[in-house]
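We did not get these values from a lab; they are worked out from the coordinates using the rules stated. Here the structure is a predicted model, which is why all the values come from computation and not from measurement. Here the Cβ positions follow ideal geometry from the backbone for every residue, glycine too, while neighbour counts run over all protein chains shown.
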Amino acid sequence: MQVQWYPGHMAKAKRAMQDDVKLVDMVVELLDARAPLSSRNPDIDKIANNKLRMVILNKADLAEEKANKLWRDFFAKQGIQTVLLDARSSSAKKPVIDAIMRAAQKKFERDRAKGIVSRPVRIMVAGIPNVGKSTLINSVAGKACTRTGNKPGVTRGNQWIRLNKQVELLDTPGILWPKFEDEQVGLHLAYLGSINDEIMELSELASCLIRELSVISPDALANRYNIEMHEDPYIVLKNIAVARFALQKGGEADTNKACRFLLEDFRSGRLGRISLEIPTLGKESE
Ligand code: G4P
C-alpha cells in the first residue's frame, strides 16, 4: 500500500518553520517513540543547521520500555540529548528543562567567555502533526510562566514563554512535514494517526497493521479482543467485529467499524505498549 500525501498547508508550514527557526538557538525535535525513524523529518538537519539540537521521544508511555531505552542510546551515540516523555504528564517539565540546559551548556559557556551572563537560550519545538507539540508546550509552559513579545501593533508577534531565567520557548511549534521515503514510513505514520484517515483506504491500512502486529506483537489482538487469530487479516477484522458486537443489518460483521476500533485501540495504547521500530544496525545509519 503506497501512502502519498503532501497537502498545501504543509508547504505553508515549511515556510513558516524556515522563518521561525531563525529566531531560536535550539530546535527541540519531537519524535513519536513508537516510530522514531518514520516520525523524523530528514530535512531537519538542513533546517536546524547551526542550531543546538535535542530530541524528545514523546508518547514513550505507548512504546515498549526496552525499545525506548535502545532509542535513547541510539541518539546518545550521535551526541544528541534525548528525553523519553509522556508530554501529558504533570511531571514532564523538569526532565525537559534539564535536558535543554545540558544541550545548551556550550552556548552558556561561550556567552560567559564573552562576558554575556543573562541571555537565555531560545528554543522551538518542532515535529510532524499529532506527535504532541501542543501538549508539550502546554505542559512545560503551565500557567505560571510569563508570556512576552506579543506587543500591540505587531501583526504577527511571536510569543515567547519564559520557562525560567535561562530558557525561553517560542509559543508556536514548527510543523514538520512527514517524509514518505518508503512504503513502510507512510504506513507507520498512518497507524500513528499523523496522516488523515480520510485519505486512506481504511481496510487496507487496518490489514497492513494486523500483518505487522502479528510479527512484532503476536498476542496483542488475541488478548485485547479475545479472538482467534488467522493469517488472513480480513478474517481477523471479521472476528474483531463479532467480538465487539459490530454487526450490520442481517448480522454481517461490520469490518469498517472493526478497522476503526483497531486503529483507535492501537493509537491510544489499548493494545498494549507497542514499538513499531527498534534500532537495528543498518537502516537508521543510512
Ligand atoms: P500536535 O500539536 O503535535 O499536533 O499534537 P497534540 O499536542 O495535539 O497531541 C496529539 C494527541 O496526542 C492528543 O490526543 C494528545 O493528548 C496526545 N498526546 C500528546 N503527547 C502524548 C504522550 O506523551 N502520550 C500519550 N499517550 N498521548 C499524548 P488527542 O486524543 O488527539 O486529544 P486529547 O483528547 O487528548 O486532547
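Nearest 5 is fine: what % of DSSP beta bridges in the range 8-171 come out antiparallel, could you say?
On the way: 7 of 26 bridges.
Within the range 8-171, antiparallel bridges account for around 25 percent of the total.
Can you give me the Rg/Rh ratio for the chain, using Cα atoms for both radii and the Kirkwood formula for Rh?
Numbers: Rg = 21.1 Å, Rh = 20.5 Å.
Result for the chain is an Rg/Rh of 1.03.
So what's Rg/Rh here for the range 8-171, counting alpha carbon atoms and using the Kirkwood radius for Rh? Please report the intermediate quantities before stating the final value.
Details: Rg = 15.7 Å, Rh = 16.5 Å.
Rg/Rh: 0.96.
With a Cα-only, solvent-free Debye model of the range 1-104, what are the log10 I(q)/I(0) values at q = 0.19, 0.21 Å⁻¹?
Each listed q corresponds, in turn, to -1.07, -1.22.
For the chain, which DSSP H helices look membrane-span-like by this rule: Cα extent along the axis of 24 Å or more and mean Kyte-Doolittle of at least 1.6?
Values: long enough: none.
Passing helices, by number: none.
In µm²/s, what is D for the range 201-285 at 10 °C and 1.306 mPa s, where D = kT/(6 pi eta Rh) by Stokes-Einstein and Rh is the Kirkwood radius from Cα pairs?
Numbers: Rh = 13.4 Å.
Reported coefficient: 118 µm²/s.
Quote the charge dipole size of the chain about the Cα centre in Debye, to the nearest 20; the model charges only the Cβ of Lys and Arg (+1) and of Asp and Glu (-1). List each step's numbers first, then the result.
On the way: 44 positive and 36 negative charges, 414 e Å.
Magnitude of the dipole: close to 1980 debye.
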